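The structure appears right after this line, and notes come after that.
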Amino acid sequence: MLLTRALDGVPRRIVSLNPSITEFLFIIGAGNRVVGTDVWSYRPREAMKTARLGHSYRPISRQ
């Protein structure tokens, strides 16, 4: 998804659907804002405590 306008502030909740982005968010100190990740995000261990939302190719359905 392409960001088309400036954000009005700092995001309070973040969902990451890419393991490298998830790891980067924790490295820069935004890990406390990550509320959901893809099924392959396992580093750092704190990322495994978030909601699992599937992955960018096939999200988990609510069936």
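Quick notes
- Annotation: amide H-H contacts under 5 Å for Gly54 (H modelled 1.01 Å from N, sequence separation of 5 or more, or interchain): Val39, Ile60.
- For the range 1-54, fraction of C-alpha pairs farther apart than 16 Å, in %: 38
- Local electrostatic count, Lys49, Cβ distance below 15 Å [Lys/Arg +1, Asp/Glu -1]: +2
- In order through the range 22-33: 3J(HN,Hα) via Karplus (6.51 cos²θ - 1.76 cosθ + 1.60), integer Hz, x for Gly, Pro: 4, 4, 4, 4, 5, 5, 7, x, 9, x, 5, 9
- A cut-off of 5 Å between modelled amide H atoms, ignoring neighbours fewer than 5 places along the same chain, links Asn18 with Asp38.
- The slack between Asn18 and Ala51, meaning 0.36 nm per residue of separation minus the straight C-alpha distance, is 10.5 nm.
Each reported figure results from applying straightforward, stated rules to the coordinates on display, with no laboratory input. If you're wondering where the values come from, they're calculated on a predicted model, not measured in any experiment. Ideal geometry is used to build each Cβ from the backbone, glycine not excepted, and the neighbour counts take in all protein chains shown.
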